[in-house]
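Enquirer: Can you read through this structure? Questions will come right after.
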Amino acid sequence: MQDYDFIVVGSGSAGSVVAEKLSASGRFSVLVLEAGGTDRSFFVQMPLGYGKTFFDPAVNWNYKTEPDPGLAGNADHWPRGKLLGGSSSINAMVWIRGQREDFDGWAAAGNTGWGFDDLLPIFKAIEDNEAGADEWRGRGGPIHVTDNRSRVHPLTHRFLKAGQQAGLALNQDFNGAAQEGVGVYQINTKNGRRWSAARAFLRPAMKRANIRVVTNALATRILFEGTRAVGIEYLKHGRTINARAGREVVLCGGSVNTPQLLQLSGVGPADLLKNLDIPVVHANAQVGANLQDHLGINYTYKGRLPTLNQTLRPWWGKMLVGMQYLLLRTGPLSMSMNQGGGFFRTDEGQLRPNMQLYFQAFSTVLPKPGERPILTPDPWPGFSIGLSNCRPSSRGSIMICSKNPLDYPKIVPNAYSTETDVEEMLAAVKFVRKIASMPAMSEVITEEVLPGPKCVSDDELIADFRKRSGTVYHPVSTCRMGPDASQSVVDPRLKVHGLAGLRIVDASIFPDNISGNTNAASIMTGWKGAEMILEDHP
């Protein structure tokens, strides 16, 4: 039996932060268990390399959902990071906090201490923002945030102008005073390299003598004495190992792995556990329920001007941008595919933006099997305007199918299962076409490739986005936070209801999804969760 003060399960966006902060004083011994391996891979560190990691089983869980009626029966591909840094090591790096109202809504639901004014100092402390510090932004923090306004493709500026022609304001900072408008996305990179949670937090912590990080270590069960968590059973190289936590077990596996581990350990819906012959330690029907996710779709166009397609597709173009990246750490490979974007309201009745835009100065209509073809785009000048919903009302679930920890859980998104979600997406895709029809864009468009000019009626547009939509990789809320133990999994201090010695610190605790990309909020959750743990262990 290995003995530590704290065991952290998962080294992702939140887990890396928790590990760093718990080990910082040197007073506590910390074990970090990561099911995946190292993040020392060229395609992990190169920002645009996430096209290569999108299906790579060496760094990606490669989950698949159940066939979803809301997505025309499609089974959606769910990439999740399986390496140091978790999904922060394979994501698109867009740095969005969410709207003030998101977090104020958390607090209003009884989650004291989680309002925007409570969290803003944490967000600022996390950041080292290239654009400079101000009322909203921080400098000197562990996560470097790159301001790409001077680096984007020329077509991105046309998109911004078209957005303004369509009625949106130019927004220089989506994490500033207001989120609405169009602008250039800031991303978490540093000197042309991905700046993941592992780079920012975990690797500096690994230099300390009081922290041990074990990779390729799959947590298979939480060890309980009565209703107190006392350790973790994990599998490494086919061998089962037990580790004991003298103070707390902290689950940071994310919205898929955390409910899965709880259910495997006897914490979850009683009927599910009994049917799988798993002894019930604590019955809670909310474990694995309330799944929320953002859904996205692209509208793709052929253009009259060169796009990144002409740079990234030919061998000589790949060679040139490769040399530029290797020698200078600049160019297309040093950025996200989402260079511009924005937030808008689908109708005036919305009090705040409910849709997010993405502009990509390349297109991938012709996919390459087994690869997200970012580095092999179409042979014509093409670009895409994408969007995703900010706060969908559809709810799904993640439940285990067997007591074998190697079996993937059953993921049921229930996409577009409410009329509200369908209606707002219908209005949103019409607005994308409005942007494309503005002079700044229409004068460089030769044709709409997807869905194409024949897709016109409401029924046709709905059928199209059901068929072509998919996750934008922001699953949350499967172990949601709340003061009512019958409606949540953790309390506002992230302690698991009904159990002792066990906390959850990751995106699964979000009471509701946030308006935008979830990585920054996951890192914030890690920071705040670690602070609360340290307060309870002076």
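Enquirer: For a quick check of your reading of the filter: which GluC sites (Glu not before Pro) in the stretch 112-188 sit in a DSSP loop and have no more than 11 other Cβ atoms within 10 Å?
Expert: 135
Enquirer: How would you order 330-342, 86-98 from highest to lowest mean count of nearby Cβ atoms within 10 Å?
Expert: Details: 330-342: 23.1, 86-98: 26.0.
My ranking of the peptides, most packed first, is 86-98, 330-342.
Enquirer: Starting from the Cα of residue 319, step 7 Å toward the Cβ, then list every residue of the stretch 374-393 with an amide N under 15 Å from that point.
Expert: Under 15 Å, as judged by backbone N against the label point of residue 319, lies no residue of the stretch 374-393.
Enquirer: Restricting the count to DSSP beta bridges whose residues both fall in the chain, what percent are antiparallel, rounded to a multiple of 5? Display every interim value, and only then the final one.
Expert: On the way: 57 of 84 bridges.
Just about 70 percent of them are antiparallel.
Enquirer: Once fully extended, how much extra length lies between residue 270 and residue 210, figured as 0.36 nm per residue of separation less the alpha-carbon to alpha-carbon distance?
Expert: Result for the pair: 17.8 nm of gain on full extension.
Enquirer: Once you have a ≥ b ≥ c as the square roots of the Cα gyration tensor eigenvalues for the stretch 30-180, tell me rounded if a/c is under 1.5, and otherwise prolate or oblate according to whether a/b is larger than b/c. Before the final figure, lay out each step's value.
Expert: Working: a/c = 1.37, a/b = 1.24, b/c = 1.11.
Because its axes are fairly even, with a/c under 1.5, the stretch 30-180 counts as rounded.
Enquirer: Sort 393-406, 186-199 for me by packing, meaning the mean count of neighbouring Cβ atoms within 10 Å per residue, highest on top.
Expert: 186-199, 393-406
Enquirer: Please calculate the 1.4 Å probe accessible area of residue 17, with all protein chains present, and give it to the nearest 10 Å².
Expert: Taking all protein chains as shown, residue 17 has close to 0 Å².
Enquirer: If you don't mind, there's one more thing I want to ask. Net charge near residue 205: determine it from the other residues with C-beta under 10 Å of the C-beta of residue 205, scoring Lys and Arg +1 and Asp and Glu -1.
Expert: With Lys, Arg at +1 and Asp, Glu at -1, the net is +3.
Enquirer: Let me ask something else about it. Given R₀ = 25 Å, FRET efficiency for residue 136-residue 112 by Cβ-Cβ distance, to 0.05?
Expert: Working from the Cβ atoms, E equals 0.60.
Enquirer: Okay, moving on. For a protection proxy built on the mean count of beta-carbon atoms within 10 angstrom, sort 457-464, 514-521 highest first, please. Walk me through the numbers before you get to the answer.
Expert: Working: 457-464: 13.4, 514-521: 26.1.
Highest-to-lowest ranking by the protection proxy: 514-521, 457-464.
Enquirer: Right, next: May I ask you to list, by number, the DSSP H helices of the chain whose Cα span along the axis is at least 24 Å and whose average Kyte-Doolittle hydropathy reaches -1.0 or more?
Expert: Within the chain the helices that satisfy the rule are 419-437, 519-536.
Enquirer: Lysines within cross-link reach of residue 434: Cα-Cα under 26 Å, excluding same-chain residues under 8 positions apart?
Expert: 161, 302, 454, 467
Enquirer: Another question about this same structure. At a Förster radius of 51 Å, what calculated FRET efficiency corresponds to the Cβ-Cβ distance of residue 326 and residue 351, to the nearest 0.05?
Expert: Details: r = 48 Å, r/R0 = 0.94.
Efficiency computed from Cβ-Cβ geometry: 0.60.
Enquirer: Follow-up question, since we're still on this one. Skipping prolines and chain starts, which residues have an amide H placed within reach, meaning under 5 Å, of the one on residue 60, given they are 5 or more residues away or on another chain?
Expert: Excluding prolines and chain starts, which carry no amide H, the hits are 82.
Enquirer: Write out the trypsin sites (Lys or Arg not before Pro) in the stretch 287-369 meeting two conditions: DSSP loop, and at most 14 other Cβ atoms within 10 Å of their Cβ.
Expert: Counting only loop positions with at most 14 other Cβ atoms within 10 Å, the trypsin sites (Lys or Arg not before Pro) in the stretch 287-369 are 304.
Enquirer: Roughly speaking, what is the centre-to-centre gap between the stretch 114-159 and the stretch 192-250 when only Cα atoms are used, to the nearest Å?
Expert: Measuring centre to centre over Cα atoms gives 30 Å.
The values are calculated or read from the model by the stated rules, or taken from the named source; none is laboratory data. None of these values were measured; they are calculated from a predicted model. All Cβ positions, glycine included, derive from the backbone under ideal geometry; neighbour counts span all protein chains shown. Calculation scope for accessible area: heavy atoms of the full protein, side chains included, ligands and nucleic acids excluded. Shrake-Rupley method; radii C 1.70, N 1.55, O 1.52, S 1.80 Å.
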